Structures are given as C-alpha cells and as structure tokens.
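The values are calculated or read from the model by the stated rules, or taken from the named source; none is laboratory data. The structure displayed is predicted, hence computed values, not measured ones. Glycine also receives a Cβ, built like all others from the backbone with ideal geometry; neighbour counts cover every protein chain displayed. The area values use the complete protein model at the heavy-atom level, side chains included, leaving out ligands, DNA and RNA. Shrake-Rupley method; radii C 1.70, N 1.55, O 1.52, S 1.80 Å.
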There are 2 protein chains.
Amino acid sequence: MRRSDGDARRAQLLEAALHALSERGIVDLRIRDIADAAGVATGTVHYHFKDLDDLLVAVHEEAVDRFVGARQEMVAALPDARDKALALIDTGVPEDASDILVNALYDLNTLVRRRAVHRTMSRALTDQQVTLYAAVIEVGIAQGHFSPAAASADVAANAVALEDAFGIYITSFGGRFTAARARTLMRVHLAEALRCPGLASDLKEDIA
Amino acid sequence: MRRSDGDARRAQLLEAALHALSERGIVDLRIRDIADAAGVATGTVHYHFKDLDDLLVAVHEEAVDRFVGARQEMVAALPDARDKALALIDTGVPEDASDILVNALYDLNTLVRRRAVHRTMSRALTDQQVTLYAAVIEVGIAQGHFSPAAASADVAANAVALEDAFGIYITSFGGRFTAARARTLMRVHLAEALRCPGLASDLKEDIA
DNA sequence: AGTGATTTTGACTCTGGCGTCAACATCACA
DNA sequence: TGTGATGTTGACGCCAGAGTCAAAATCACT
C-alpha cells in the first residue's frame, strides 16, 4: 500500500484547487485549471475525486479547517482577553483582495444555498467563529476587562457578522475598502459593546 | 416604432431572470431557464441581450435599483428618525430564504470579484445603503434622539455590514438563523451605538 | 530483475448549452 | 389589405469541458 502517496497528492490537489478557485472563480472553474495549477494531467484529478462536486466538498472542508485552525492556535497562545480579541480581529479580516482562502470561501458560499453538504460546513464555520468570540468575551469578563451590556452570544454573533461582511468588502471592492478600515470599525464597535475603551486604542501588543 | 413592446419584454425577461437566478443559482443558470421562466423561446432572450454577461449586468442593475428604491421611499415617509431606523432594519433584512431579490444579489456577488461592471454596481449599492443610514442618523441627532459616540459614517458602515452578513445567514442557513434574530441583534447594536434605548424595545410603530 | 498493485497520462467520446439563422408572426401605418 | 419594420420561434451547428479508458509509468516487495 502506498497510501501516503495518494494522500500527499490529494492534499496537493486541494491546495491547487484553492488557488484555481480563487483565480478563476467558481463559475468559470474547470478541472483543467486545477490540474494545471497542480502540474498534473486532468486524468489525475479524476482519479482522486469522483467529480467536481466531490472535489469542491473536499476543498470546502479544507478551507474551513485552515481558517479556524489558525485562529484557535493564535487565541490560545495569548493570556489577556484583550489581546485575544485583537488577535481575532487581525486574523478574521483578510489583508487584501489576494487572500486565497477567503476568496475561495466566499465563492464556495454560492453553493451553500443549493447543496446541503456545503450548508453544513458553512454553518459550522460560522458557529465555530461565534463560539471562539464568545469564549474570549467570557474570559474577558472573568478578567474584569469586559462588561458588555448585551449577552456574550449576541456580541459574538455581531462581531462575526461584521468580520464576514468586511471580508467580502475587502475581497470585492479591492482597495476601496481596506483591511485597516475594517479593523478600525471592528475595534470601535467591540470597545463600545464590551465597554473596554482599550480595544479602540492602537496599541496591539501589551495593552497599557 | 414599437418601443414599448421591446421595453416591456425586456422588463419581463429581467423579472424572469431574477427568478431563474434565485432558483438555479449562478453556477447552473442557463439561458434556457430564463426563457422558460418568462414563457418564451430561447431565441427571444438572445434577441434582447447580446449574451449572458450582458443580461447579468442588466439583472444586477435591476436588482440594485429595486433594493434601494423601496427603502428610500419607506424612510422618506416617516418623520421620526427612530421610526426611520426601525424601517431600515425591517427592509434591510430578508424575511426568509425565499427572498428572490436577496438571493439573486448574493449570487451576483460572485461576479463582483471578476468583472469591473459588477464591482461598480455592488459598491454603489453598499454606498447608497451607508448613505441612507448615515442620513437617518444625522436626522436622529438633530432630533435629539441619537447621540452616538462614534462618527455617523462609522455607525452607518457597521449597520450595513451587519445587514449584509445577516442577509447571507438567513438565505444560506434556512431556518437556523431567522430574520427575527437578525432584527433583534441589529436593534440591540444600534440602540447601544446610537445611545437610544428605545430602539431595542419591541414597539415598532410610534415609540413612546 | 520480476511481479503485481497503484498511480499517471492524454487521447477520445459524449453531453449539454450557447449563439446563429431562416422562416414565421405581429404590429403600425398607409 | 398591403408593406415594411419589429419581434418571435426552435432547429441546427458548433465547441468547450466532463468523464472514460487503455496504455504506460512508478513503486513495494521479493
């Protein structure tokens, strides 16, 4: 059995698919594009995935895993809830329109309204993000830094919604809506919702 | 000249296209679907529009016009800024996943990242919505009902972002995220951001 | 080196949808 | 009622791209 070979190739194809998807867009995406991006023949793609639908489900899974994985590690590493919150803001918003993961994720969102599998994954992503925010808020309350008027779950839901929308704006309006503005808006909002003025200040590392 | 005939048919085709788009999704949308929805032959669609791209641009225009048009009238008709704000919340969030206009709009968003024309229209839509909210906030300040800590433009931008994200959730997660929850979250947020507790109460008509 | 299992290749077939077009229908106006 | 302009039809040609497959390549193990 040469299982590892197959797995490695599969991972390579998913990576290539993320790039191809981000580049061509889901409407124009061809098997050919993925093969090209991976530097293999089209037959190879068909060998590893039943059809395009099958592949897109795998790509969606991969994208969701990558997106939440990075953030969870980041947040866990920081002790102060204010730092955690700022880290969430930084990692939740794409730097610019070239963010492959975010582009792919939003293109895949088109399928969410048609295919139950994709709906499940998209919902999972949103839920995980809300849970992550809610947990940080709870920690912040315990640490005495946050004292929100609304329920933690509500504040968290709003924060994630803002992230999602800003992600779309940044990847869609290329340059006319910047990551910097998105982060400012989010900090201003969270500072108010959590009653923690420090979040609005520009000091990222080590809040005074 | 039978200009009116042509225009009427064109409008009918745009209407049909909105339905077809919402039903099939942009990935699977065929000229055939639009023709069927309009009850005409495929040749008729080709006669009125150069190609699918051309048609989708027209559909996008139509969708944007409809979306903002309804809201502007609604807001202008109400004198009290708090009522205006509540009306904005109500009309900015789709009732459920069956909202054709919103479904079409989000599907068209996929093209925003590829085609400049669509980018322009999508940006225009967002800008108009932000302007609308900002104007209402200004009126509210003048009336003495709102006293936001942040700039009007920022509060407006956040409100529109929330609307957009919630619209996606409602149309995507069908039933698991309701319009009622979206409106509650928006009211809670605006009540705090505008320092106007009345917005959070359930009284829609005639705030006490 | 031989053997069989696994993986890769790219030429091929086939489906399905776009856009064309010639014929037909409908209308305005004389 | 005739005439030309405008609008409609659906069969057809064409081709892009999905998926198939037989042959070749690569690997693990002996």
(message) Consider region A:154-181. How many of its residues are within 19 Å of residue B:108 (Cβ to Cβ) and not polar (S, T, N, Q)?
(response) 10
(message) Whether any residue in region B:4-20 is more than 16 Å from DNA strand C (Cβ to nearest atom), within 14 Å of chain A (Cβ to nearest Cβ) and at pLDDT 95 or above is what I want to check.
(response) no
(message) Anything in region B:22-42 that is outside any loop (DSSP other than H, G, I, E, B) and within 12 Å of DNA strand C (Cβ to nearest atom)? List them, or say none.
(response) B:24, B:31, B:32, B:33, B:34, B:35, B:36, B:42
(request) State whether one or more residues within region A:7-15 are more than 16 Å from DNA strand D (Cβ to nearest atom) and either within 30 Å of residue A:134 (Cα to Cα) or in the same structural domain as residue A:146 (by TED's automatic domain parsing) (or both). (result) no
(request) Out of B:103, B:109, report the one residue that is without any contact (Cβ under 8 Å) to a residue 60 or more places away in the chain and either closer than 23 Å to residue A:187 by Cα or facing another protein chain (nearest Cβ under 10 Å) (or both). (result) B:109
(request) State whether one or more residues within region B:34-54 are within 14 Å of chain A (Cβ to nearest Cβ), within 22 Å of the chain's Cα centre (by Cα) and within 16 Å of DNA strand D (Cβ to nearest atom). (result) yes
(request) Only residues in region A:25-49 that are hydroxyl-bearing (Ser, Thr, Tyr) count as the first member; pair them with residues that are open to solvent by less than 40 Å² (accessible area, probe 1.4 Å), Cβ under 8 angstrom, at least 6 apart or cross-chain, and list the lot. (result) A:42/A:31; A:42/A:35; A:44/A:13; A:44/A:35; A:44/A:38
(message) With the structure loaded, tell me whether residue B:106 is more than 29 Å from residue A:108 (Cβ to Cβ) and of a type in the set (Phe, Trp, Tyr) or whether it fails that test.
(response) no
(request) Would you check which residues across region B:43-86 are open to solvent by 40 Å² or more (accessible area, probe 1.4 Å), hydrophobic (A, V, I, L, M, F, W, C) and near DNA strand C (Cβ under 9 Å from one of its atoms) and list them? (result) B:52
(message) Quick check on residue A:79: is it part of a loop (DSSP other than H, G, I, E, B), within 14 Å of another protein chain (Cβ to nearest Cβ) and more than 16 Å from DNA strand D (Cβ to nearest atom)?
(response) no
(message) Which residue is farthest from residue B:24 (Cα to Cα), if the candidates are limited to region B:101-144 and must be open to solvent by 20 Å² or more (accessible area, probe 1.4 Å) and touching a His at 6+ places or on another chain (Cβ under 6 Å)?
(response) B:121
(request) With respect to residue B:181, determine if the residue is on the phi < 0 side of the Ramachandran plot and modelled with pLDDT of 95 or more. (result) yes
